[in-house]
Amino acid sequence: MLKDILVWGSGAIGGTVGAYLKRAGHDVTFVDIVPEHVAAIRDQARGLRITGPIAAFTIAAPAMLPAEVEGTWKRIFLSVKAHHTEEACLALQPHLAEDGYVLSLQNGLCEKIIARIVGPGRTVGAFVNFGADWLKPGEIIYANRGAVVLGEIDGKMTPRLAKLHKEMQAFEPEAIVTGNIWSYLWGKLGYGSLLFAQAVGQQGIADCLARPELLPLWRRLAGESVRVALAEGVEPLGFNGYDPNAFRPGATEDAARESVAAMVAFNRPNAKTHSGVWRDLAIRKRRTEVDVQIAPIAEIGATHGIACPSVKALVAMIHEIEAGKRPMTDDNLMELAREAR
């Protein structure tokens, strides 16, 4: 029997969205690589708990490990870490209906990888900026609401997109659809580079962004992303305080300062104080998404003759921390800031 929604990667993002859709009455099945998490979700007495200041509820649903997946689904919501996208797509492809699609609930330009494997016509893009963290098997904290944008990768407005939008409003009432999903994805790359920088130290997102001595670093990192996006023919769009126009060539320091202040204001009240990248490095001691999310800024920039020294320095620093060759201290940010000046 053809089933509806398969959430492939049931951690912070996929678990939260999937739980909301399951609670709203949708046919949702979860896939994850952590056996204890899978066992909790499908345990009727335990289930998947969403906690935090936004909502608190529990759902139970069918759940399985990737090797256990059998059957076909109309839609697969992909929310694995960016560097696992290709592996996940190869595994899920046999379970996707011919007229179905994969929705990327990820950071980076993962839609390009997905489209290469399952086909452009079976790929739908999304941009999300809400805050959530996987706490332990069967428990996710939904810490703060944020932008949710859905769009076809070719920019068309389609019936399936309209249907998806209506359904996703059960999770985020202010979710929108766009004909410019790449503009939002490139916008998130610029903002994401700031979050990766926050992850090399110890302060939280708001406290880190608020430091005036780091403004040159924020201008360089976001500026490199904006320059590459423009060279790609994409006008990056902003969200939740991040204004790409404040970091484009010719933008003033005051404009950047104003955008940074707005980002601080957005992040300050949130229960999620540190980025997911920071948690990967400091708490979960695992590889980050840097090679598939941030490194492509410099790689694509090189094809346009655009140097991205701050992005490259940040990527190298993340790798050193991943390898245990560099501690996560404030000195790292100051080192990046000195280079940015």
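The values are calculated or read from the model by the stated rules, or taken from the named source; none is laboratory data. From a predicted model like this one, the values you see are computed outputs, not experimental measurements. Note that we place each Cβ from the backbone using ideal geometry, even for glycine, and neighbour counts take in every protein chain shown. In case anyone asks, the SASA skips ligands and DNA or RNA and just uses the protein heavy atoms, side chains included. Shrake-Rupley method; radii C 1.70, N 1.55, O 1.52, S 1.80 Å.
Got a sec? Which of R160, R122, R75 is without any contact (Cβ under 8 Å) to a residue 40 or more places away in the chain, in contact with a strand residue (DSSP E or B) (Cβ under 8 Å, 6 or more places away or on another chain) and not small (G, A, S)?
R122
Filter the stretch 159-181 down to residues that are open to solvent by 40 Å² or more (accessible area, probe 1.4 Å) and either farther than 15 Å from R75 by Cβ or assigned to a loop (DSSP other than H, G, I, E, B) (or both), then give me how many there are.
7
Among the helices (runs of 4 or more DSSP H) confined wholly to the stretch 270-309, which include 3 or more residues that are in contact with a helix residue (DSSP H, G or I) (Cβ under 6 Å, 6 or more places away or on another chain) and crowded, with 18+ Cβ neighbours inside 10 Å?
290-293, 295-303
So which pairs qualify, if the first residue must be in the stretch 323-341 and free of Cβ contacts under 8 Å to residues at least 60 places away in the same chain and open to solvent by 60 Å² or more (accessible area, probe 1.4 Å), the second must be part of a helix (DSSP H, G or I) and of a type in the set (A, V, I, L, M), the Cβ gap must be under 6 Å, and the two must be at least 6 apart or on different chains?
Matching pairs, first to second residue: E339/A313.
Taking the condition of being open to solvent by 10 Å² or more (accessible area, probe 1.4 Å) and of a type outside the set (V, I, T), how many residues in the stretch 10-36 meet it?
12
S104 is checked against (1) open to solvent by less than 10 Å² (accessible area, probe 1.4 Å); (2) hydroxyl-bearing (S, T, Y); (3) free of Cβ contacts under 8 Å to residues at least 12 places away in the same chain and fails just one. What number does that condition carry?
Here S104 clears every test but (3).
Out of everything in the stretch 44-71 that is touching a residue at least 60 places away in the same chain (Cβ under 8 Å) and surrounded by fewer than 15 Cβ atoms within 10 Å (Cβ to Cβ), what residue ends up being farthest from V102 (Cα to Cα)?
Only one residue tops the list, namely P53.
Considering only residues that are farther than 24 Å from A132 by Cα and in a helix (DSSP H, G or I), which ones fall in the stretch 102-122?
Answer for the stretch 102-122, where residues must be farther than 24 Å from A132 by Cα and in a helix (DSSP H, G or I): K112, I113, A115, R116, I117, V118, P120, G121, R122.
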